[in-house]
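These notes are about the structure you will find just below.
The values are calculated or read from the model by the stated rules, or taken from the named source; none is laboratory data. Note that this is a predicted model, so its numbers are computed, not measured. Here the Cβ is made from the backbone with ideal geometry for all residues, glycine too, and neighbour counts use every protein chain on show. Note: accessible area is taken over every heavy atom of the protein model, side chains too, but ligands, DNA and RNA are not part of it. Shrake-Rupley method; radii C 1.70, N 1.55, O 1.52, S 1.80 Å.
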Amino acid sequence: MQETPPSSPASEALPAEAQGAEEPSLPGFAPSPAPERPSGYRVLARKYRPSSFADLIGQDAMVRTLRNAFANNRIPQAWMLTGVRGVGKTTTGRILARGLNYQLPEGSGAPTVDLDRFGVHCAAIIEGNHIDVMEIDAASNNGVENVRQITDSVRYAPTSARYKVYIIDEVHMLSAGAFNAFLKTLEEPPPHVKFIFATTEIRKVPVTVLSRCQRFDLRRVEASTLVTHLARICALEKVEVEDEALSLIARAAEGSVRDAMSLLDQAIAHGAGKVIAEDVRAMLGLADRARLLDLFEALMAGKAGEALAGLRELYDIGSDPTLVVADLADIAHLATRLKILPEAAKDAALSEAERVRGLSFAERLSMPILSRAWQILSRGLLEVQAAGKPIAAAEMLLIRLAYAANLPTPDEALKALPPSGTVASAQPASSLSSPSDASGAPRSYASSVPGNLSPASPATPSANASASRPVANLRIASSGSAVAGAHALRREERAAEAHLAPLARFEDVIALAHEKRDLALAYALERDVRLVTFERGRIEFEPSPGAKDDLAKTVARRLLEWTGERWLVAVSPASGARSIGERRDLERKGAVEAAKAEPLVRAILERFPGAEIVTVRDSLAAEEEMEKPEDYLETMGSELNTEGFEDDDPFEFLETVSDE
C-alpha cells in the first residue's frame, strides 16, 4: 500500500537560517530555546487512506467501469456514490478529482485512473486543500442559498487545475428547494466542472437528481479481504497480531473499512502494541467463540442445565446477553450455510474452530432443526433487547430452545403417525409423552429422530413395548409444537368418539352447534346465514347486514374440529333465502296477527289496556317442538319462571303476565 505523503509544513518553506534561529530575547538575556513542535499522531484510518484506485479495496466493479470510461474519454459530468459508512465514498471522490486533474511536473498528463506517480495537484487534492477541488458538507450547507453560491461559481474557470470539482458529501441532507436549484446546473454544467455526490441514504435523493448522475453502489468489503488488508497494515506498523484477532475485528466491522481500521487502532492501544484474540474479545464485549460453540451444541442436544451454566459463565466474565444470543444466531446461520454451501468453510474470516465445528453441525443437524433454531433465536433476540433484565430473558430463551430441540419436526411427526393408529416401532412413544426426565432435564428425542446431536441409543425392550401404545400419547409432544399430523389425529379421534350423524341439512349444523354448546355460533347460524347452497362438505351463504366478517372462517374451523372433515364455507355474491331466524320471526308475527283476530283474544286485549301478545303456542300439537324459555327471555327482556306452567291450560301464561 502506498502511504499518502503528508503535506509540507509551513516551516519547510522558510530559509534554513530562519528555521534554525532562536526566538529573539531582551538585551542582556540569553535567547530562549525554540519550542519543540509536537508531532501529531494520525489514526490508521487517515494514515493509510487510499490515494489511488490501486489502493482501493473491495470495489473492483467500480474501478473497472471508471478505467474504461477514462480510457475511452466517456467521462460524465456527475457521479453519485452510495454505500454504507466507511466503504470509501469520500475517498473515491478525492481519487476521482486527482485522476481528472492529473498532471506531471513537466506539463504532460491527461485524465487517468493510473496514478502511479504523484502529480502537481495530487498532494493538495488528497489532503483536501486544493483551491479547485471543493469538499462541501451538505448536512450543514443544505439550503437554497448554499446551492446558489455553487451555481454562481461554476461559471468561472479553474484557477490552476484542469477541472473544477465539487465533492458534496451526505447530499441527501439537501432540502427539496436546494435539490431543485441544482437541477439545471447539474444537467448542463460548464465543460470545466465536475460534480461528485456521496450519500448513505440513496432513497432520499430525488430521482430527478439521480437521472442526471452516473451511479455507483460501493459494496461492503468482504471479511476475508478486510483480514488481508488489516494484516498488511499490521506488518507496516510492526505490530504483532493474531489471525483470530483480525477475524474478530473484521466480523465486528460489518464490511466497513473505516470501522475495521478504528477497531484495529483501538486494539493496538488496548494490547500495548500486541493484538491478541482474548484482548479483542474483552474490548468488544464478545464471548469466547469456543464457549459459544459449546453452548450451541448443548442447546441442540437438549441439555438445558448445561446451557444455562454456560450462559451464566459468559455473563460473569462480562459478556452481554444480547451479544451472546446474536452470536448463537450467527452460529445457526453458519451451520445452515455450510450445509447448503460446504465450500463456504474456506472463508478466511472463520476461525479453525468455527470451520471444523460448523461443518460438524451442518452434517449432524437436519435443515428443519437448524431453521427452527434460527427462528427461535432471531425472534428471541428482540425479546432480550427489550427486556428490563436481559440475562433473565436470555435464560428463558435458551430453555425454550433446549426443549424445542427435542421436539419432532412436522415431517418427523407425520412419519410417526401411520394410518394403522399406532406409533411405529422406530419412534419410541416414551420420548414423546413426557418432556422431561426425573432430573428435570428435557428428555431427548434424538434417539428416535435423526438430525439431533444426542447420540442414538440402542433399542430396548421397554422402548419396543412402548411402541405399541395408542397414538393418543402423542398429544403432549405435539402441544408444544405446530405438528400438523398430531392435530389431524386429534380431530379424527374426536370425530370418532362423538359418533356424529351425517350433516344432511343446514339445520343439522345448527343442532351440532347446540350440542357442542357453542351458543354464539348457533345464534349466528340462525340469524346471520341466508343460505344459498348446502351440500356435504360445502356451504355457500349470503351474510345478513349484522353478520361478522369472519363468520365463514369460524364455521369452517368449527366444522373441522367437530367432524374431522374440511368444509368449504364461503360467502356467495348471490342472494340467499331468508335465515332461519328471519323465517321464525315471520311465522311468529303471522301467528300473533292470527291470534289477535280471535274474538276471545280481542276481548282480553280490550279488558287489559296496554297488554300485548308476546308469543303464541299451540299446546294441542304435542308432536311439534315447544319453544324454549330462552325465546321468552329474548323477547321480553326479563327473566320468567316457566317451571309452573301446565300444558293443559293455554291461558295460564296470560294469567302470569296479567298478575305482573
Over 32 Å (Cα to Cα) - which of LYS47/LYS339; LYS204/LYS389; LYS47/LYS194 fall in this group: LYS47/LYS339; LYS204/LYS389
Accessible surface of LEU350 - all protein chains present, 1.4 Å probe, nearest 10 Å²: 30
Efficiency of FRET between ALA139 and LYS516 - r from beta-carbon atoms, R0 51 angstrom, step 0.05: 0.20
Cα radius of gyration and Dmax for region 559-616 (Å): 20.3, 58
Sparsely packed chymotrypsin sites (Phe, Trp or Tyr not before Pro) within region 145-195, loop by DSSP, other Cβ within 10 Å at most 14: TYR156
Length released on extending from GLN375 to ALA235, taking residue separation times 0.36 nm less the Cα-Cα span: 46.2 nm
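Work out the length of the dipole vector of region 85-156 about its Cα centre, built from +1 on the beta-carbon of each Lys and Arg and -1 on the beta-carbon of each Asp and Glu, and round it to the nearest 20 debye.
On the way: 7 positive and 9 negative charges, 40 e Å.
Once rounded to the nearest 20, the dipole reads 200 debye.
Suppose every K and R has +1 on its Cβ and every D and E has -1 on its Cβ; what is the size of the dipole of region 245-326 about the Cα centre, in Debye to the nearest 20?
Charge dipole, region 245-326, about its Cα centre: 120 debye, nearest 20.
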Computed label-point distance, nm, for sites GLN214 and GLU561 using a 7 Å Cα→Cβ extension: 6.6
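Can you tell me the FRET efficiency between ILE317 and ARG64 if r is taken as the Cβ-Cβ distance and R0 is 56 Å, rounded to the nearest 0.05?
Working: r = 47 Å, r/R0 = 0.84.
So, using R0 = 56 Å, E works out to roughly 0.75.
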Nitroxide proxy distance, nm - points 7 Å out along Cα→Cβ at VAL614 and ARG155: 9.6
Solvent accessible area, Å² - ARG148, 1.4 Å probe, full protein context: 110
For ILE136, distant residues with modelled amide H under 5 Å away: ILE167, ILE168, ASP169
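Stick to Cα atoms and the Kirkwood definition of Rh, then tell me Rg/Rh for region 352-420. Before the final figure, lay out the partial values.
On the way: Rg = 15.5 Å, Rh = 14.1 Å.
Radius of gyration over Kirkwood radius for region 352-420 works out to 1.10.
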Positive-end residue of LEU328, ILE369, ALA309, charge dipole of region 281-383 with Cβ unit charges: ILE369
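Excluding ligands, DNA and RNA, what is the solvent-accessible area per residue of region 40-191 at a probe of 1.4 Å, expressed in Å²? Please list the in-between numbers first.
Numbers: 6950 Å² over 152 residues.
Heavy-atom accessible area per residue stands at 46 Å².
Within region 118-220, list the GluC sites (Glu not before Pro) lying in a DSSP loop whose Cβ has at most 16 other Cβ atoms in a 10 Å radius.
Values: sites: GLU127, GLU135, GLU145, GLU170, GLU187, GLU201; in loops: GLU170, GLU201.
Within region 118-220, the qualifying GluC sites (Glu not before Pro) (loop, at most 16 other Cβ atoms within 10 Å) are GLU201.
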Counted charge near ASP152, where neighbours are those whose Cβ lies closer than 15 Å (Asp, Glu -1; Lys, Arg +1): +3
Total formal charge among the other residues, if their Cβ is under 13 angstrom from that of THR82, Lys/Arg +1 and Asp/Glu -1: +3
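What's the magnitude of the charge dipole for region 119-197 around its Cα centre, counting Lys and Arg as +1 and Asp and Glu as -1 at the beta-carbon? Answer in Debye, nearest 20. Let's see the in-between values first.
Details: 6 positive and 10 negative charges, 63 e Å.
Charge dipole of region 119-197: 300 debye, to the nearest 20.
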Accessible area, probe 1.4 Å, largest first, for residues LYS553, LYS164: LYS553, LYS164
Virtual spin-label span in nm between LYS589 and LYS47, 7 Å along Cα→Cβ: 9.4
Extension gain from GLU278 to LYS184, taking 0.36 nm per residue of separation minus the Cα-Cα distance: 28.2 nm
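Starting from 0.36 nm per residue, how many nanometres of slack lie between ALA326 and LEU104 once their C-alpha separation is accounted for?
Details: separation 222, 0.36 × 222 = 79.92 nm, distance 5.26 nm.
Length gained, ALA326 through LEU104: 74.7 nm.
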